[in-house]
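To start, the structure itself, in structure tokens.
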Amino acid sequence: WKAIMEITAFFSGPSDDLDYPSLRSWVATHLNRDTLSLADATNPQILETLRKAMPALRPAKIVSSIHDTANSPEADPPSFRVFGQRFTFDSWILSELTRGSPEVAPTMPTAPFVAAAFGDPLAHRLAKLHVRGNPTHEKTLALRLGRLEAQLHDVDDSAWFASMAAKQLHVMTRLAGELSSDHPHYMRGPAYASRKLEAMLGSWTELRHDTVLYSKQSYAEAGEGASPAETPPLPLSFVEPHLPFWAELERLSRFAADGFSRHKLIPDASEEWSRLRRFTSHVQLCRRAANRIAAGQPLSKEQNEKLWMLNLLYMDEPLADHRRPDPVRGMTALVTDVHTDAGSGQVLLEALDKPVLMLALVSAGGTTRLTAGVAYQHREFTASMDQRMTDEAWRKKVYSSAPGLPPRADWTVPVFKASTLPRKSR
């Protein structure tokens with residue numbers, strides 16, 4: 001039990017349900033011993049002592065079971081699970097914002113609820129639109145979002161580092177909030193606000209689908225680049241100066257590397273140049289570059305060259321290369337359900353389409369230039385709880401010649417298909 005729970009808790013978080021240690025601690029506190037015999041199970045005095053102590057058992061924070069009542073309850077019935085379901089802040093947010101449905105809250109949330117609880121202005125507006133027309137739901141949402149935002153702001157740093165899942169959520173939500181005039185002009189408009197929210201929701205979809213994407217962990221030599229004398233002058237690199245995001249991502253990568261080493265999860269985890277420690281050094285490179293850009297300083301020649309040589313494909317290489325073809329490798333589309341409305345028999349699904357190329361005109365470091373990067377395409381839709389979609393079914397749609405996918409949200413930035421410009425005749 002300990003071996004399984006320690007490793008899975010590192011990935012997914014501590015149990016939200018009563019589990020073996022919490023029950024054992026409860027027994028020890030009220031009986032002054034941490035073991036019980038079979039005879040104790042029928043001892044009236046012991047049973048009465050424990051019955052009176054039951055209010056001291058901690059309740060679950062997330063309501064996660066199906067209830068056959070007109071309104072969703074404020075809490076689950078008391079329960080014990082040997083391997084408890086894990087507490088995650090995003091599930092807690094969705095649970096809190098749908099309690100008392102359908103009378104005082106919506107039965108079906110929307111992905112922007114999560115970003116709104118972390119203070120993203122656009123997500124706040126979209127959350128309000130989701131309940132518009134129902135004054136009771138509007139009032140409930142406003143009150144609960146305000147409370148959640150204050151509680152999340154006060155979460156202790158140790159709670160974010162309780163698991164990979166918690167820290168990943170914390171890192172991605174560092175993108176929330178308004179950007180100051182110190183940021184490049186393209187990052188301060190409504191289109192970028194939409195792109196930023198979609199990045200958070202895309203990353204959140206991946207997190208919910210597979211907490212740490214451990215199937216993609218790998219290690220490989222990247223080789224060395226050409227010597228400076230053989231390399232022509234390089235165009236200037238650019239790293240978006242989201243300073244809180246880069247700082248927390250570096251902390252997450254160190255936490256992951258230490259955890260993989262401590263739990264001996266992969267053979268090379270303790271090596272200096274293991275894949276996760278290499279990733280940490282590359283995140284550090286991006287953080288330092290972002291800091292210089294935010295300060296209005298040009299990148300050094302060494303920084304610029306390292307950014308141009310940066311290749312993160314080693315994170316997608318298999319642990320053991322058996323030379324067997326993987327037909328889905330490189331297919332990043334995925335789908336996962338995140339919330340169930342038992343009353344209507346519907347589930348809320350979050351999905352990723354193929355990534356798209358993002359172009360931005362940037363003025364930084366004394367030059368103006370066109371930059372390019374990869375961006376998420378996020379989709380949200382509902383489906384019958386009896387027909388939950390699998391990755392295989394979703395990928396079959398995404399990568400077909402006529403996908404017929406659910407529409408993207410109307411707040412997202414439009415995506416244009418690449419086309420060849422006609423040549424002008426002379």
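So in the stretch 112-122, with the set limited to residues that are assigned to a helix (DSSP H, G or I) and among the hydrophobic types (A, V, I, L, M, F, W, C), which one is nearest to Leu179 (Cα to Cα)?
Filtering the stretch 112-122 down to residues assigned to a helix (DSSP H, G or I) leaves 112-117, 121-122.
Checking the rest, the ones that are also among the hydrophobic types (A, V, I, L, M, F, W, C) come to 113-117, 122.
Details: Phe113: 20, Val114: 19, Ala115: 15, Ala116: 16, Ala117: 18, Leu122: 12 Å.
My answer is Leu122.
Hey, any hits in the stretch 163-179 for a residue that's touching a Gly at 6+ places or on another chain (Cβ under 8 Å) and charged (D, E, K, R)?
no
Do we have Ala116 as surrounded by fewer than 22 Cβ atoms within 10 Å (Cβ to Cβ) and either out of contact with any Ser or Thr (no Cβ under 7 Å at 6 or more places or on another chain) or under 18 Å from Arg208 (Cα atoms) (or both) here? First the steps, then the outcome.
On the way: surrounded by fewer than 22 Cβ atoms within 10 Å (Cβ to Cβ): no; either out of contact with any Ser or Thr (no Cβ under 7 Å at 6 or more places or on another chain) or under 18 Å from Arg208 (Cα atoms) (or both): yes.
When the stated conditions are applied, Ala116 does not pass them.
Rundown of residues vs (1) within 24 Å of Ala372 (Cα to Cα); (2) touching a Pro at 6+ places or on another chain (Cβ under 9 Å); (3) not small (Gly, Ala, Ser), yes/no style:
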{"residue": "Arg262", "(1), (2), (3)": "no, no, yes"}
{"residue": "Glu272", "(1), (2), (3)": "no, no, yes"}
{"residue": "Arg275", "(1), (2), (3)": "no, no, yes"}
{"residue": "Ser281", "(1), (2), (3)": "yes, no, no"}
{"residue": "Pro298", "(1), (2), (3)": "yes, no, yes"}
{"residue": "Glu302", "(1), (2), (3)": "yes, no, yes"}
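Quick one: which of Asp337, Asp341, Asp353 is closer than 30 Å to Gly404 by Cα and over 21 Å from the mean Cα position of the chain (by Cα)? Give the steps one after another, and end with the answer.
Working: Asp337 fails: over 21 Å from the mean Cα position of the chain (by Cα); Asp353 fails: over 21 Å from the mean Cα position of the chain (by Cα).
Matching residue, one of Asp337, Asp341, Asp353: Asp341.
Starting from the stretch 304-332, take each residue that is surrounded by 10 or more Cβ atoms within 10 Å (Cβ to Cβ) and list its partners that are of a type in the set (Gly, Ala, Ser) and modelled with pLDDT of 75 or more, counting only C-beta distances under 7 angstrom and pairs at least six apart or across chains.
Listed by first residue and then by second, the contacts come to Asn304/Ser237; Leu307/Ser237; Leu307/Ala289; Trp308/Ser237.
Just to verify a result, which residue in the stretch 77-111, among those that are basic (Lys, Arg) and in a loop (DSSP other than H, G, I, E, B), is most open to solvent (accessible area, probe 1.4 Å)?
Arg81
Could you check the stretch 237-283 and list, in sequence order, the residues that are out of contact with any strand residue (DSSP E or B) (no Cβ under 9 Å at 6 or more places or on another chain) and among the hydroxyl-bearing types (Ser, Thr, Tyr)?
If we filter the stretch 237-283 for residues that are out of contact with any strand residue (DSSP E or B) (no Cβ under 9 Å at 6 or more places or on another chain), which is where we start, we get 239, 242-283.
Across the stretch 237-283, the qualifying residues are Ser253, Ser261, Ser270, Ser274, Thr280, Ser281.
Looking only at helices (runs of 4 or more DSSP H) that fall completely inside the stretch 1-69, which ones have 3 or more residues that are open to solvent by 70 Å² or more (accessible area, probe 1.4 Å) and either within 26 Å of Asp90 (Cα to Cα) or among the aliphatic types (A, V, I, L, M) (or both)? Spell out how you get there, then give the answer.
Working: elements: 2-12, 20-31, 44-52.
Result: 2-12.
Checking the structure you have, find out if any residue of the stretch 367-377 is open to solvent by less than 80 Å² (accessible area, probe 1.4 Å), in contact (Cβ under 8 Å) with a residue 12 or more places away in the chain and within 30 Å of Ser101 (Cβ to Cβ).
There is at least one residue in the stretch 367-377 that is open to solvent by less than 80 Å² (accessible area, probe 1.4 Å), in contact (Cβ under 8 Å) with a residue 12 or more places away in the chain and within 30 Å of Ser101 (Cβ to Cβ).
What are the pairs with Cβ atoms under 6 angstrom where one residue, in the stretch 257-286, is of a type in the set (Asp, Glu) and the other, located anywhere, is open to solvent by less than 30 Å² (accessible area, probe 1.4 Å) and part of a loop (DSSP other than H, G, I, E, B)? Sequence gap at least six, or different chains.
Asp268/Ser274
Inspect all residues belonging to the stretch 41-49 and state whether any of them is modelled with pLDDT under 85 and under 27 Å from the mean Cα position of the chain (by Cα).
No; the residues of the stretch 41-49 include none that is modelled with pLDDT under 85 and under 27 Å from the mean Cα position of the chain (by Cα).
To keep it simple, each residue is scored yes or no on (1) among the charged types (D, E, K, R); (2) more than 18 Å from the chain's Cα centre (by Cα).
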position	(1), (2)
Pro241	no, yes
Glu248	yes, no
Leu252	no, no
Asp258	yes, yes
Pro267	no, yes
Glu271	yes, yes
Ser274	no, yes
Arg277	yes, yes
Ala294	no, yes
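Somewhere in the stretch 336-348, is a residue more than 22 Å from Gly189 (Cβ to Cβ) and surrounded by fewer than 11 Cβ atoms within 10 Å (Cβ to Cβ)? Before you say what the answer is, go through the steps one by one.
Keep residues of the stretch 336-348 that are more than 22 Å from Gly189 (Cβ to Cβ), which gives 336-348.
Now drop any that are not surrounded by fewer than 11 Cβ atoms within 10 Å (Cβ to Cβ), which leaves none.
No, the stretch 336-348 has no match at all.
Being more than 28 Å from Ala294 (Cβ to Cβ) and either polar (S, T, N, Q) or surrounded by 13 or more Cβ atoms within 10 Å (Cβ to Cβ) (or both) is the filter here; which residues of the stretch 378-392 pass it? First the steps, then the outcome.
Pass one, the stretch 378-392, residues more than 28 Å from Ala294 (Cβ to Cβ): 379-392.
Arg379, Glu380, Phe381, Thr382, Ala383, Ser384, Met385, Gln387, Arg388, Met389, Thr390, Asp391, listed by residue number.
Do any helices (runs of 4 or more DSSP H) entirely within the stretch 123-217 hold 1 or more residues that are among the acidic types (Asp, Glu), farther than 30 Å from Leu370 by Cα and open to solvent by 50 Å² or more (accessible area, probe 1.4 Å), and if so, which?
On the way: elements: 135-153, 157-160, 164-172, 190-209.
Ranges flagged: 135-153, 157-160.
The values are calculated or read from the model by the stated rules, or taken from the named source; none is laboratory data. These figures come from a predicted structure and were not determined experimentally. Because the Cβ atoms are built from the backbone with ideal geometry, glycine has one as well, and the counts that use them run over all protein chains shown. Side chains are part of the model used for accessible areas, which takes the heavy atoms of the whole protein and leaves out ligands, DNA and RNA. Shrake-Rupley method; radii C 1.70, N 1.55, O 1.52, S 1.80 Å.
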